[in-house]
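Here is the structure we will look at.
The values are calculated or read from the model by the stated rules, or taken from the named source; none is laboratory data. This one's a predicted model, so the numbers in the text were calculated from it and none came from an experiment. Here the Cβ positions follow ideal geometry from the backbone for every residue, glycine too, while neighbour counts run over all protein chains shown. Areas reflect the complete protein model, heavy atoms only, side chains present, ligands, DNA and RNA absent. Shrake-Rupley method; radii C 1.70, N 1.55, O 1.52, S 1.80 Å.
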Amino acid sequence: MRVLVVGGGGREHALALGLSGDPAVTALIAAPGNPGIAAVAELREVASTDPAAVAALAVEVGADLVVIGPEAPLVAGVADAVRAKGIPAFGPSAEAARLEGSKTFAKDVMTAAGVPTARAYTCADQESTGAALDEFGPPYVVKNDGLAAGKGVVVTTDRAVAERHAQDCGRVVVEEYLAGPEVSLFVVTDGEAALPLLPAQDFKRVGDGDTGPNTGGMGAYAPLPWAPPGLVDEVMRDVVHPTLAEMRRRGTPFAGLLYVGLAITAAGPRVIEFNARFGDPETQVVLALLETPLAGLLHAAATGTLAAHPPLRWRDGAAVTVVVAAEGYPAAPRTGDVITGADRAGVIHAGTRRDADGTLRSAGGRVLCGTATGPDLAAARDAAYALVRDIGLAGSHHRTDIAADAVAGRITVPA
Ligand code: AMP
Ligand code: GLY
(Lines give C-alpha, C1' and ligand atoms only; values in the text may rest on other atoms or scores of the structure.)
(Ligands and ions follow the chains in the order given, each with its own letter.)
Protein backbone atom coordinates (compact mmCIF):
# COMPACT_ATOMS: atom_id res chain seq x y z
CA MET A 1 0.00 0.00 0.00
CA ARG A 2 1.31 3.46 -0.96
CA VAL A 3 0.30 6.02 1.69
CA LEU A 4 0.35 9.82 1.51
CA VAL A 5 0.21 11.71 4.83
CA VAL A 6 -0.93 15.33 4.65
CA GLY A 7 0.44 17.68 7.32
CA GLY A 8 3.73 18.35 9.04
CA GLY A 9 3.33 18.54 12.80
CA GLY A 10 3.91 16.25 15.75
CA ARG A 11 0.69 14.36 15.08
CA GLU A 12 1.79 13.65 11.51
CA HIS A 13 5.21 12.49 12.72
CA ALA A 14 3.44 10.06 15.06
CA LEU A 15 1.14 8.93 12.23
CA ALA A 16 4.12 8.47 9.90
CA LEU A 17 5.93 6.37 12.52
CA GLY A 18 2.84 4.19 12.95
CA LEU A 19 2.27 3.83 9.21
CA SER A 20 5.92 3.04 8.49
CA GLY A 21 5.71 0.23 11.04
CA ASP A 22 2.87 -1.44 9.13
CA PRO A 23 4.33 -4.19 6.91
CA ALA A 24 1.57 -3.55 4.34
CA VAL A 25 3.00 -0.08 3.63
CA THR A 26 5.37 -0.21 0.64
CA ALA A 27 5.86 3.54 0.26
CA LEU A 28 5.24 6.45 2.61
CA ILE A 29 5.08 10.02 1.34
CA ALA A 30 4.42 13.08 3.52
CA ALA A 31 3.46 16.56 2.41
CA PRO A 32 4.76 18.91 3.60
CA GLY A 33 6.22 16.76 6.43
CA ASN A 34 9.04 17.90 8.70
CA PRO A 35 12.66 16.86 9.40
CA GLY A 36 11.54 14.12 11.81
CA ILE A 37 9.12 12.65 9.30
CA ALA A 38 11.87 12.76 6.67
CA ALA A 39 13.54 9.82 8.45
CA VAL A 40 10.63 7.51 7.57
CA ALA A 41 8.93 9.12 4.54
CA GLU A 42 9.67 10.84 1.25
CA LEU A 43 8.76 14.53 1.67
CA ARG A 44 6.86 16.51 -0.95
CA GLU A 45 5.78 20.14 -0.97
CA VAL A 46 2.07 20.89 -1.20
CA ALA A 47 -0.33 23.66 -0.27
CA SER A 48 -2.13 21.37 2.16
CA THR A 49 -5.39 23.37 2.25
CA ASP A 50 -5.70 23.36 -1.56
CA PRO A 51 -7.96 20.38 -2.36
CA ALA A 52 -7.00 20.25 -6.06
CA ALA A 53 -3.28 20.38 -5.27
CA VAL A 54 -3.46 17.56 -2.69
CA ALA A 55 -5.63 15.42 -4.99
CA ALA A 56 -3.17 15.94 -7.86
CA LEU A 57 -0.27 14.94 -5.61
CA ALA A 58 -2.15 11.81 -4.49
CA VAL A 59 -2.59 10.80 -8.14
CA GLU A 60 1.03 11.65 -8.97
CA VAL A 61 2.49 9.50 -6.18
CA GLY A 62 0.07 6.65 -6.89
CA ALA A 63 -1.42 6.74 -3.39
CA ASP A 64 -3.70 3.88 -2.29
CA LEU A 65 -4.57 5.81 0.87
CA VAL A 66 -4.35 9.48 1.84
CA VAL A 67 -4.29 10.25 5.59
CA ILE A 68 -5.16 13.87 6.35
CA GLY A 69 -3.81 15.07 9.70
CA PRO A 70 -4.86 18.66 10.45
CA GLU A 71 -8.31 20.24 10.55
CA ALA A 72 -7.78 23.04 8.02
CA PRO A 73 -7.41 20.74 4.96
CA LEU A 74 -10.46 18.74 6.07
CA VAL A 75 -12.61 21.82 6.46
CA ALA A 76 -11.34 22.99 3.06
CA GLY A 77 -12.55 19.77 1.40
CA VAL A 78 -9.27 17.95 0.80
CA ALA A 79 -10.78 14.52 1.62
CA ASP A 80 -13.62 15.14 -0.86
CA ALA A 81 -11.17 16.09 -3.63
CA VAL A 82 -9.02 12.99 -3.02
CA ARG A 83 -12.07 10.69 -3.02
CA ALA A 84 -13.29 12.33 -6.24
CA LYS A 85 -10.13 10.91 -7.86
CA GLY A 86 -11.15 7.43 -6.70
CA ILE A 87 -8.49 7.30 -3.97
CA PRO A 88 -9.49 6.31 -0.41
CA ALA A 89 -9.00 9.18 2.03
CA PHE A 90 -8.90 8.90 5.82
CA GLY A 91 -10.68 12.03 6.97
CA PRO A 92 -14.21 13.41 6.88
CA SER A 93 -15.82 15.42 4.08
CA ALA A 94 -15.90 19.21 4.42
CA GLU A 95 -19.58 18.94 5.39
CA ALA A 96 -18.87 16.42 8.15
CA ALA A 97 -15.75 18.30 9.36
CA ARG A 98 -18.12 21.08 10.44
CA LEU A 99 -18.40 19.07 13.66
CA GLU A 100 -15.06 20.72 14.43
CA GLY A 101 -15.24 23.77 12.16
CA SER A 102 -18.35 25.27 13.76
CA LYS A 103 -19.11 25.05 17.47
CA THR A 104 -22.74 26.01 16.72
CA PHE A 105 -23.10 23.18 14.20
CA ALA A 106 -21.62 20.72 16.71
CA LYS A 107 -24.08 21.85 19.38
CA ASP A 108 -26.99 21.44 16.90
CA VAL A 109 -25.93 17.89 16.12
CA MET A 110 -25.49 17.06 19.80
CA THR A 111 -28.91 18.44 20.65
CA ALA A 112 -30.58 16.52 17.82
CA ALA A 113 -28.74 13.34 18.83
CA GLY A 114 -29.43 13.73 22.57
CA VAL A 115 -25.72 13.79 23.39
CA PRO A 116 -24.83 15.00 26.91
CA THR A 117 -22.94 18.31 26.69
CA ALA A 118 -22.76 21.74 28.34
CA ARG A 119 -25.77 24.01 27.85
CA ALA A 120 -24.79 26.82 25.51
CA TYR A 121 -25.88 29.94 23.63
CA THR A 122 -24.50 31.34 20.40
CA CYS A 123 -24.04 35.09 20.85
CA ALA A 124 -23.16 37.73 18.29
CA ASP A 125 -23.60 40.94 20.31
CA GLN A 126 -22.79 42.39 23.72
CA GLU A 127 -26.34 42.13 25.02
CA SER A 128 -26.86 38.42 24.35
CA THR A 129 -23.32 37.64 25.55
CA GLY A 130 -23.99 39.49 28.80
CA ALA A 131 -27.26 37.64 29.34
CA ALA A 132 -25.60 34.26 28.79
CA LEU A 133 -22.72 35.11 31.16
CA ASP A 134 -25.29 36.16 33.78
CA GLU A 135 -27.25 32.95 33.43
CA PHE A 136 -24.29 30.56 33.80
CA GLY A 137 -22.17 32.59 36.24
CA PRO A 138 -18.43 32.05 36.79
CA PRO A 139 -16.22 30.35 35.76
CA TYR A 140 -17.11 31.74 32.34
CA VAL A 141 -16.55 29.69 29.17
CA VAL A 142 -16.44 31.72 25.93
CA LYS A 143 -15.56 30.03 22.62
CA ASN A 144 -14.78 31.49 19.23
CA ASP A 145 -17.38 30.05 16.82
CA GLY A 146 -14.85 29.03 14.20
CA LEU A 147 -11.61 27.13 13.70
CA ALA A 148 -9.05 28.41 16.16
CA ALA A 149 -6.51 25.57 16.33
CA GLY A 150 -7.38 24.92 19.98
CA LYS A 151 -6.76 28.52 21.00
CA GLY A 152 -10.19 30.09 20.64
CA VAL A 153 -11.48 29.27 24.11
CA VAL A 154 -11.30 31.40 27.23
CA VAL A 155 -12.18 29.91 30.62
CA THR A 156 -12.01 32.61 33.29
CA THR A 157 -13.57 33.89 36.47
CA ASP A 158 -12.87 37.45 35.28
CA ARG A 159 -16.01 38.86 33.71
CA ALA A 160 -14.10 41.59 31.83
CA VAL A 161 -11.78 39.00 30.24
CA ALA A 162 -14.79 36.93 29.14
CA GLU A 163 -16.49 39.99 27.63
CA ARG A 164 -13.33 41.13 25.84
CA HIS A 165 -12.83 37.70 24.26
CA ALA A 166 -16.44 37.75 23.03
CA GLN A 167 -15.91 41.18 21.49
CA ASP A 168 -12.63 40.14 19.81
CA CYS A 169 -14.25 37.05 18.26
CA GLY A 170 -17.50 38.61 17.06
CA ARG A 171 -19.56 35.42 17.18
CA VAL A 172 -19.07 33.18 20.20
CA VAL A 173 -20.58 30.25 22.02
CA VAL A 174 -21.03 30.94 25.74
CA GLU A 175 -21.54 27.81 27.78
CA GLU A 176 -21.96 26.24 31.17
CA TYR A 177 -18.71 25.32 32.97
CA LEU A 178 -18.15 21.55 33.26
CA ALA A 179 -16.24 20.47 36.38
CA GLY A 180 -14.27 17.24 36.26
CA PRO A 181 -11.17 15.66 34.73
CA GLU A 182 -10.89 15.77 30.94
CA VAL A 183 -10.58 12.83 28.57
CA SER A 184 -9.71 12.71 24.88
CA LEU A 185 -11.30 9.68 23.23
CA PHE A 186 -10.39 9.02 19.59
CA VAL A 187 -12.77 6.92 17.52
CA VAL A 188 -11.91 5.50 14.10
CA THR A 189 -15.08 5.26 12.01
CA ASP A 190 -16.25 4.62 8.47
CA GLY A 191 -19.47 6.48 9.21
CA GLU A 192 -21.26 3.48 10.68
CA ALA A 193 -18.87 1.05 12.38
CA ALA A 194 -16.66 2.66 15.02
CA LEU A 195 -13.61 1.50 16.98
CA PRO A 196 -12.45 3.50 20.03
CA LEU A 197 -8.74 3.96 20.68
CA LEU A 198 -7.33 4.11 24.22
CA PRO A 199 -8.55 7.14 26.18
CA ALA A 200 -5.87 9.78 26.78
CA GLN A 201 -5.54 13.01 28.69
CA ASP A 202 -3.85 16.13 27.41
CA PHE A 203 -2.70 19.30 29.15
CA LYS A 204 -4.06 22.41 27.47
CA ARG A 205 -2.72 25.19 29.70
CA VAL A 206 0.81 26.38 29.17
CA GLY A 207 1.93 26.26 32.80
CA ASP A 208 2.35 23.70 35.58
CA GLY A 209 -0.78 23.18 37.67
CA ASP A 210 -2.99 24.16 34.69
CA THR A 211 -2.06 27.83 34.83
CA GLY A 212 -1.68 30.38 32.07
CA PRO A 213 -3.31 30.56 28.65
CA ASN A 214 -4.67 27.65 26.62
CA THR A 215 -2.36 26.12 24.03
CA GLY A 216 -2.64 23.43 21.37
CA GLY A 217 -1.53 20.96 24.08
CA MET A 218 1.61 20.69 26.23
CA GLY A 219 1.72 16.95 26.88
CA ALA A 220 -0.38 13.80 27.15
CA TYR A 221 -0.54 10.31 28.59
CA ALA A 222 -2.48 7.10 28.02
CA PRO A 223 -4.17 5.02 29.24
CA LEU A 224 -6.00 6.63 32.19
CA PRO A 225 -5.57 4.61 35.41
CA TRP A 226 -8.29 6.67 37.10
CA ALA A 227 -10.98 6.32 34.40
CA PRO A 228 -14.25 4.82 35.66
CA PRO A 229 -14.74 1.24 34.40
CA GLY A 230 -17.13 1.20 31.48
CA LEU A 231 -16.31 4.80 30.48
CA VAL A 232 -15.45 3.99 26.87
CA ASP A 233 -18.54 1.79 26.38
CA GLU A 234 -20.72 4.51 27.87
CA VAL A 235 -19.28 7.18 25.56
CA MET A 236 -19.65 4.92 22.52
CA ARG A 237 -23.31 4.27 23.42
CA ASP A 238 -24.36 7.76 24.54
CA VAL A 239 -22.15 9.99 22.37
CA VAL A 240 -20.45 8.34 19.41
CA HIS A 241 -23.17 6.15 17.93
CA PRO A 242 -25.95 8.76 18.33
CA THR A 243 -23.69 11.39 16.71
CA LEU A 244 -22.75 9.12 13.79
CA ALA A 245 -26.43 8.24 13.31
CA GLU A 246 -27.42 11.91 13.26
CA MET A 247 -24.70 12.69 10.70
CA ARG A 248 -25.97 9.85 8.48
CA ARG A 249 -29.54 11.09 8.88
CA ARG A 250 -28.43 14.51 7.62
CA GLY A 251 -26.90 12.89 4.55
CA THR A 252 -23.37 13.86 5.64
CA PRO A 253 -21.93 10.76 7.29
CA PHE A 254 -18.81 11.34 9.36
CA ALA A 255 -15.97 8.99 8.36
CA GLY A 256 -12.45 9.39 9.69
CA LEU A 257 -11.33 10.19 13.21
CA LEU A 258 -13.93 11.50 15.62
CA TYR A 259 -12.15 13.13 18.54
CA VAL A 260 -14.45 13.33 21.54
CA GLY A 261 -13.26 15.78 24.18
CA LEU A 262 -15.06 15.05 27.44
CA ALA A 263 -15.29 16.25 31.01
CA ILE A 264 -16.07 13.46 33.48
CA THR A 265 -18.50 15.32 35.72
CA ALA A 266 -20.48 14.24 38.78
CA ALA A 267 -23.40 13.64 36.40
CA GLY A 268 -21.33 11.50 34.03
CA PRO A 269 -19.32 12.19 30.86
CA ARG A 270 -20.21 15.43 29.05
CA VAL A 271 -18.88 16.43 25.63
CA ILE A 272 -16.69 19.54 25.67
CA GLU A 273 -15.93 19.45 21.98
CA PHE A 274 -15.68 17.35 18.86
CA ASN A 275 -12.71 17.47 16.56
CA ALA A 276 -12.61 15.93 13.11
CA ARG A 277 -9.03 14.61 13.35
CA PHE A 278 -6.47 13.03 15.61
CA GLY A 279 -5.51 15.23 18.56
CA ASP A 280 -2.04 16.60 19.04
CA PRO A 281 -0.20 15.58 21.25
CA GLU A 282 -2.52 12.73 22.36
CA THR A 283 -1.85 10.88 19.07
CA GLN A 284 1.80 10.55 20.05
CA VAL A 285 0.90 8.47 23.12
CA VAL A 286 -2.09 6.58 21.75
CA LEU A 287 -0.26 5.38 18.64
CA ALA A 288 2.82 4.49 20.70
CA LEU A 289 0.64 1.83 22.36
CA LEU A 290 -1.26 0.57 19.28
CA GLU A 291 -0.09 -2.84 18.13
CA THR A 292 -2.64 -3.28 15.32
CA PRO A 293 -1.14 -2.24 11.95
CA LEU A 294 -2.18 1.40 11.45
CA ALA A 295 -2.45 1.58 7.65
CA GLY A 296 -4.82 -1.39 7.53
CA LEU A 297 -7.03 0.20 10.18
CA LEU A 298 -7.22 3.60 8.51
CA HIS A 299 -7.72 1.99 5.07
CA ALA A 300 -10.68 0.01 6.44
CA ALA A 301 -12.24 3.21 7.76
CA ALA A 302 -11.59 4.98 4.44
CA THR A 303 -13.20 2.19 2.41
CA GLY A 304 -16.28 1.48 4.53
CA THR A 305 -15.05 -1.94 5.65
CA LEU A 306 -14.39 -1.26 9.33
CA ALA A 307 -17.11 -3.71 10.49
CA ALA A 308 -14.93 -6.56 9.17
CA HIS A 309 -11.76 -5.27 10.89
CA PRO A 310 -10.41 -7.41 13.75
CA PRO A 311 -10.50 -5.99 17.30
CA LEU A 312 -7.66 -3.60 18.11
CA ARG A 313 -4.61 -4.88 19.96
CA TRP A 314 -2.67 -2.75 22.46
CA ARG A 315 0.75 -2.98 24.06
CA ASP A 316 0.82 -3.37 27.83
CA GLY A 317 2.00 -0.42 29.86
CA ALA A 318 1.63 3.30 29.36
CA ALA A 319 2.92 6.18 27.23
CA VAL A 320 3.73 9.80 28.07
CA THR A 321 4.65 12.71 25.82
CA VAL A 322 6.01 16.09 26.92
CA VAL A 323 5.97 19.04 24.51
CA VAL A 324 9.00 21.31 24.28
CA ALA A 325 7.73 24.76 23.28
CA ALA A 326 9.56 27.76 21.88
CA GLU A 327 10.26 30.88 23.91
CA GLY A 328 7.15 33.06 23.88
CA TYR A 329 4.71 30.25 23.05
CA PRO A 330 1.73 30.52 22.87
CA ALA A 331 1.50 34.31 22.52
CA ALA A 332 4.48 34.99 20.24
CA PRO A 333 6.78 32.02 19.70
CA ARG A 334 10.34 32.78 18.64
CA THR A 335 11.60 30.61 15.78
CA GLY A 336 14.98 29.98 14.17
CA ASP A 337 16.84 28.74 17.28
CA VAL A 338 19.29 25.84 17.01
CA ILE A 339 18.06 22.50 18.42
CA THR A 340 20.35 19.77 19.77
CA GLY A 341 19.64 16.28 21.11
CA ALA A 342 16.60 15.76 18.89
CA ASP A 343 17.70 13.10 16.43
CA ARG A 344 16.81 10.09 18.53
CA ALA A 345 14.05 7.57 18.96
CA GLY A 346 11.12 8.96 20.91
CA VAL A 347 11.72 12.58 19.95
CA ILE A 348 8.79 13.57 17.77
CA HIS A 349 9.22 16.63 15.61
CA ALA A 350 6.50 19.29 15.36
CA GLY A 351 7.77 22.78 14.49
CA THR A 352 11.27 22.05 13.23
CA ARG A 353 13.21 22.68 10.01
CA ARG A 354 16.65 21.72 8.82
CA ASP A 355 19.26 24.01 7.20
CA ALA A 356 21.13 22.82 4.12
CA ASP A 357 24.13 22.08 6.36
CA GLY A 358 22.02 19.78 8.55
CA THR A 359 21.50 22.16 11.47
CA LEU A 360 18.09 21.63 13.09
CA ARG A 361 16.15 24.80 14.01
CA SER A 362 12.83 25.67 15.64
CA ALA A 363 10.10 26.64 13.16
CA GLY A 364 6.94 26.81 15.27
CA GLY A 365 5.49 27.19 18.76
CA ARG A 366 5.36 23.53 19.73
CA VAL A 367 8.78 22.39 18.57
CA LEU A 368 9.28 18.77 19.69
CA CYS A 369 7.73 16.15 21.94
CA GLY A 370 9.63 13.64 24.06
CA THR A 371 7.51 10.47 23.82
CA ALA A 372 8.18 7.26 25.72
CA THR A 373 6.45 4.07 26.77
CA GLY A 374 7.06 2.05 29.92
CA PRO A 375 5.68 -0.85 31.92
CA ASP A 376 3.63 1.64 33.92
CA LEU A 377 2.82 5.34 33.87
CA ALA A 378 5.59 6.31 36.29
CA ALA A 379 8.23 4.57 34.15
CA ALA A 380 6.89 6.10 30.93
CA ARG A 381 6.89 9.53 32.53
CA ASP A 382 10.49 9.21 33.71
CA ALA A 383 11.58 8.08 30.25
CA ALA A 384 9.76 10.93 28.49
CA TYR A 385 11.35 13.53 30.80
CA ALA A 386 14.76 11.93 30.23
CA LEU A 387 14.34 12.61 26.51
CA VAL A 388 13.28 16.20 27.17
CA ARG A 389 16.26 16.82 29.47
CA ASP A 390 18.63 16.00 26.63
CA ILE A 391 17.04 18.45 24.17
CA GLY A 392 18.85 21.76 23.78
CA LEU A 393 16.79 24.76 22.59
CA ALA A 394 17.51 28.28 23.84
CA GLY A 395 14.57 29.86 25.67
CA SER A 396 12.39 26.76 25.42
CA HIS A 397 9.92 25.73 28.09
CA HIS A 398 7.93 22.63 28.98
CA ARG A 399 5.56 21.58 31.72
CA THR A 400 7.13 19.55 34.50
CA ASP A 401 3.87 17.98 35.73
CA ILE A 402 2.65 15.97 32.73
CA ALA A 403 0.94 12.80 34.09
CA ALA A 404 2.17 13.64 37.62
CA ASP A 405 -1.29 13.70 39.25
CA ALA A 406 -2.24 10.42 37.55
CA VAL A 407 0.97 8.74 38.75
CA ALA A 408 0.32 9.98 42.29
CA GLY A 409 -3.32 8.84 42.23
CA ARG A 410 -4.54 12.42 42.70
CA ILE A 411 -7.17 12.45 39.93
CA THR A 412 -10.72 11.78 41.05
CA VAL A 413 -14.07 12.00 39.36
CA PRO A 414 -16.39 14.37 41.30
CA ALA A 415 -19.06 12.48 43.23
P1 AMP B 1 -12.13 23.40 23.39
O2 AMP B 1 -11.35 24.11 22.34
O3 AMP B 1 -13.60 23.51 23.23
O4 AMP B 1 -11.63 22.02 23.63
O5 AMP B 1 -11.75 24.09 24.77
C6 AMP B 1 -10.42 24.14 25.22
C7 AMP B 1 -10.35 23.83 26.69
O8 AMP B 1 -11.14 24.75 27.42
C9 AMP B 1 -10.90 22.47 27.05
O10 AMP B 1 -9.98 21.44 26.91
C11 AMP B 1 -11.26 22.68 28.50
O12 AMP B 1 -10.10 22.61 29.30
C13 AMP B 1 -11.75 24.08 28.52
N14 AMP B 1 -13.21 24.09 28.35
C15 AMP B 1 -13.90 24.21 27.22
N16 AMP B 1 -15.22 24.16 27.43
C17 AMP B 1 -15.39 23.98 28.75
C18 AMP B 1 -16.53 23.86 29.63
N19 AMP B 1 -17.79 23.94 29.16
N20 AMP B 1 -16.31 23.69 30.93
C21 AMP B 1 -15.05 23.63 31.43
N22 AMP B 1 -13.93 23.75 30.69
C23 AMP B 1 -14.09 23.93 29.35
N1 GLY C 1 -4.76 18.24 21.98
C2 GLY C 1 -5.87 19.02 21.62
C3 GLY C 1 -6.19 19.05 20.20
O4 GLY C 1 -5.58 18.38 19.39
O5 GLY C 1 -7.09 19.80 19.83
**Message:** Please go through segment 381-394 and give me each residue that is surrounded by 18 or more Cβ atoms within 10 Å (Cβ to Cβ) and outside any helix (DSSP H, G or I), ordered by number.
**Reply:** 391, 393
**The one condition in (1) over 25 Å from residue 72 (Cβ atoms); (2) modelled with pLDDT of 95 or more; (3) of a type outside the set (A, V, I, L, M, F, W, C) that residue 229 fails to fulfil** = (2)
**Message:** Any residue that is farther than 18 Å from residue 246 by Cα, of a type in the set (Ser, Thr, Tyr), modelled with pLDDT of 95 or more and within 14 Å of ligand 1 (Cβ to nearest atom) - is there at least one of those in segment 137-144?
**Reply:** yes
**Complete:** Those residues of segment 166-186 which are more than 18 Å from the chain's Cα centre (by Cα) and either on the phi > 0 side of the Ramachandran plot or within 12 Å of ligand 1 (Cβ to nearest atom) (or both) amount to 170, 172, 173, 174, 175, 176, 177, 178, 179, 180
**Fill in**
In segment 164-193, anything touching a residue at least 24 places away in the same chain (Cβ under 8 Å), part of a helix (DSSP H, G or I) and buried (at least 18 other Cβ atoms within 10 Å of the Cβ) is listed as 166, 169
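Restricting the search to segment 203-212, which residues are open to solvent by 20 Å² or more (accessible area, probe 1.4 Å), touching a residue at least 24 places away in the same chain (Cβ under 8 Å) and of a type outside the set (Val, Ile, Thr)?
Result: 203, 204, 208, 209.
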**Request:** Report yes if some residue within segment 155-167 is under 26 Å from residue 278 (Cα atoms) and either among the aliphatic types (A, V, I, L, M) or touching a helix residue (DSSP H, G or I) at 6+ places or on another chain (Cβ under 9 Å) (or both); otherwise report no.
**Result:** yes
**Request:** Determine whether segment 279-297 contains at least one residue that is within 13 Å of ligand 1 (Cβ to nearest atom), small (Gly, Ala, Ser), in contact with a strand residue (DSSP E or B) (Cβ under 8 Å, 6 or more places away or on another chain) and closer than 28 Å to residue 85 by Cα.
**Result:** yes
**Complete:** Of (1) crowded, with 16+ Cβ neighbours inside 10 Å; (2) modelled with pLDDT of 95 or more; (3) more than 11 Å from ligand 1 (Cβ to nearest atom), residue 118 satisfies every one except (3)
**Counted residues, segment 268-292 - those being buried (at least 24 other Cβ atoms within 10 Å of the Cβ), more than 10 Å from ligand 2 (Cβ to nearest atom) and in a loop (DSSP other than H, G, I, E, B)** = 1
**Request:** Restricting attention to segment 213-247, report how many residues are without any contact (Cβ under 8 Å) to a residue 12 or more places away in the chain and part of a loop (DSSP other than H, G, I, E, B).
**Result:** 2
**Which numbered condition residue 57 misses (of (1) open to solvent by 30 Å² or more (accessible area, probe 1.4 Å); (2) hydrophobic (A, V, I, L, M, F, W, C); (3) more than 21 Å from the chain's Cα centre (by Cα))** = (1)
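Does at least one position in segment 220-230 carry a residue that is within 14 Å of ligand 1 (Cβ to nearest atom) and either closer than 30 Å to residue 325 by Cα or not charged (D, E, K, R) (or both)?
To start, the set of residues in segment 220-230 that are within 14 Å of ligand 1 (Cβ to nearest atom) comprises 220.
Then drop every residue that is not either closer than 30 Å to residue 325 by Cα or not charged (D, E, K, R) (or both), which leaves 220.
Yes, because at least one residue in segment 220-230 is within 14 Å of ligand 1 (Cβ to nearest atom) and either closer than 30 Å to residue 325 by Cα or not charged (D, E, K, R) (or both).
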**Complete:** Scanning segment 194-205 residue by residue, those away from ligand 1 (no atom under 13 Å from the Cβ) and either assigned to a strand (DSSP E or B) or of a type in the set (Lys, Arg) (or both) turn out to be 194, 195, 196
**Item:** Residue satisfying all of: in segment 334-380; closer than 28 Å to residue 314 by Cα, open to solvent by 50 Å² or more (accessible area, probe 1.4 Å) and not hydroxyl-bearing (Ser, Thr, Tyr); modelled with the lowest pLDDT among these
**Value:** 343
**Request:** Run residue 314 past the list (1) within 16 Å of ligand 1 (Cβ to nearest atom); (2) touching a Leu at 6+ places or on another chain (Cβ under 6 Å) and report the number of the one that doesn't hold.
**Result:** (1)
**Item:** Scope segment 395-409; condition closer than 19 Å to residue 326 by Cβ and open to solvent by 60 Å² or more (accessible area, probe 1.4 Å); matching residues
**Value:** 398, 400
**Asked** Name the residues in segment 293-323 that are part of a loop (DSSP other than H, G, I, E, B) and touching a Gly at 6+ places or on another chain (Cβ under 6 Å), would you?
**Response** 317
**Complete:** Across segment 69-115, the tally of residues that are at pLDDT below 95, open to solvent by 40 Å² or more (accessible area, probe 1.4 Å) and under 24 Å from residue 14 (Cα atoms) stands at 0
**Request:** Considering only segment 318-349, state which residues are touching a Leu at 6+ places or on another chain (Cβ under 6 Å), under 15 Å from residue 17 (Cβ atoms) and small (Gly, Ala, Ser).
**Result:** 319, 342, 346
**Asked** Name the residues in segment 174-187 that are in contact with a helix residue (DSSP H, G or I) (Cβ under 8 Å, 6 or more places away or on another chain) and within 16 Å of ligand 2 (Cβ to nearest atom), would you?
**Response** 183, 184, 185, 186, 187
